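The values are calculated or read from the model by the stated rules, or taken from the named source; none is laboratory data. All figures in this text were calculated on a predicted structure; none of them were measured in a lab. Cβ atoms come from the backbone with ideal geometry, glycine included; neighbour counts cover every protein chain shown. For the accessible areas, the whole protein counts, side chains as well, though only heavy atoms, and no ligand, DNA or RNA atoms are used. Shrake-Rupley method; radii C 1.70, N 1.55, O 1.52, S 1.80 Å.
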Amino acid sequence: MRIGMPMAYSGGFAETVEELADFEAAGLDVVNVPEAYSFDAVSQLGYVAARTRTMEISSGILNIYSRTPALLAMTAAGLDYISQGRFVLGLGASGPQVIEGFHGVPYKAPLARTREIAEICRMVWRREPVVHEGSQFHLPLDREHGGTGLGKPLKLINHPLRERIPMVLAALGPKNVTLAAELFEGWEPLFYYPESAEAAFGEAINAGLARRDPALGPLQIVVDTQVAVTEDRDEQEAAMQQVRNHLALYIGGMGARGKNFYNDLACRYGFEEAAETIQDLYLSGRKAEAAAAVPDTLVHGVSLIGAPSWVKERVNAFAATGVTTLNARPLSTTHERRVRDISLLKEATA
């Protein structure tokens with residue numbers, strides 16, 4: 001099992017990148033650079049590529065609406081080139097609040113759009129003339145679909161370092177999870193709860209694997225989690241509170257009522273009553289009460305918080321369900337402790 005880490009830079013981006021050398025020395029395998037509606041991830045990924053040597057760099061995630069398929073492919077090829085083959089293209093649909101609210105683009109047909117983007121990216125990386133006729137993209141764009149008719153089927157000028165750059169799809173809904181298992185090298189779920197993973201995702205994964213091209217290799221499962229390795233009860237509780245707050249934000253407030261993917265996931269895990277309570281409290285502005293309503297079972301299940309023996313036990317639980325990468329955010333308050341926790345987590349996966 002590999003260890004990844006999302007890059008948080010609340011203290012300053014340049015300072016955080018300097019600290020990545022310590023995580024690289026501690027055995028960190030991959031760093032994920034986020035992009036929601038903050039600074040763009042691409043410019044930062046280029047900087048990280050220049051300041052690291054062995055770890056993979058991954059976009060975590062680029063949404064499928066704000067960039068064209070060809071631009072996504074060009075960007076991935078460029079980042080893969082400057083990192084000497086260390087780039088992973090993380091993609092996801094995001095949600096209507098961000099896509100329509102921040103980018104002003106209709107949030108429609110995420111499944112069809114994702115499928116066509118994957119197909120076009122691989123076409124670009126193979127340096128084939130880009131000709132695609134789908135429900136979402138028409139390349140070259142002809143008069144019938146709003147173009148001038150002057151577009152030509154072009155191929156990428158540069159020769160990519162790899163003609164198949166790994167792609168990971170962030171997905172939670174059953175149809176999107178099936179698509180990840182069918183078409184992508186990797187699948188990235190948020191709030192992965194091993195004990196209920198089969199019930200929540202098993203049918204969808206198996207449906208995708210049945211249509212998977214063997215050339216893609218085994219499905220890589222990249223799980224987002226949070227880690228704090230400590231025997232101190234106060235430190236454990238402080239870390240768990242961070243997880244509670246995070247879960248409450250997503251289950252309660254990351255989406256409208258009836259259109260919240262994370263609330264739906266909590267229900268699929270078997271926490272229907274708690275999910276409804278958390279959402280009611282959060283949307284009414286009672287955020288502390290919403291966090292308090294998050295079940296301890298869920299907090300413990302999706303995180304890695306506790307003594308080394310407990311963390312090892314939880315790592316084994318993740319591994320038993322097929323997880324190949326733990327994308328773990330360290331919760332400790334100092335850089336030294338965060339590096340230590342990544343090192344201990346690496347040991348626990350050995």
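Quick notes on this structure:
- Of all DSSP beta bridges in region 17-141, antiparallel share, percent nearest 5: 20
- Pair-distance distribution of region 34-142: all C-alpha pairs, bin width 10 Å, starting at 0; shares per bin in whole percent are 14, 43, 33, 9, 0.
- Computed accessible area, residue 159, all protein chains, 1.4 angstrom probe, square angstrom: 140
- Here, region 230-313 yields an orientationally averaged convex hull projection of 5.3 nm² when only Cα atoms define the hull.
- Once the Cα gyration tensor of region 1-81 is diagonalised, semi-axes √(5λ) in Å: 22, 14, 11
- Per principal axis, descending, Cα span of region 275-319 in whole Å: 39, 18, 10
- Normalising the average separation of contacting C-alpha pairs (under 8 angstrom, six or more residues apart) by the number of residues puts the relative contact order of the chain at 18 percent.
- Were the residues from residue 109 through residue 198 laid out at 0.36 nm apart, the gain over their Cα-Cα distance would be 29.4 nm.
- Rounded Å value of the spacing that divides the Cα centres of region 297-344 and region 173-220: 22
- Cα-based reach from residue 152 at 17 Å (exclusive), listing aspartates and glutamates while leaving out same-chain residues under 8 positions away: 128, 133, 142, 144
- Which label in [x] 26.0; [y] 21.1; [z] 20.5 gives the computed Kirkwood radius over Cα pairs in Å: [y]
- 13 Å beta-carbon shell around residue 97, net charge (K/R +1, D/E -1): +1
- What separates the Cα centres of region 92-115 and region 29-43 is a distance of 18 Å.
- Relative to the 2.2 N^0.38 Å rule of thumb, region 116-197 has a C-alpha radius of gyration ratio of 1.42.
- Note on residue 312: aspartates and glutamates with a C-alpha under 14 Å away, same-chain residues under 8 apart excluded, are 231, 341, 347.
- Computed [θ] at 222 nm, deg cm²/dmol, the chain (DSSP H ≥ 4; -39,500 (n - 2.57); rounded to nearest 500): -13000 deg cm²/dmol
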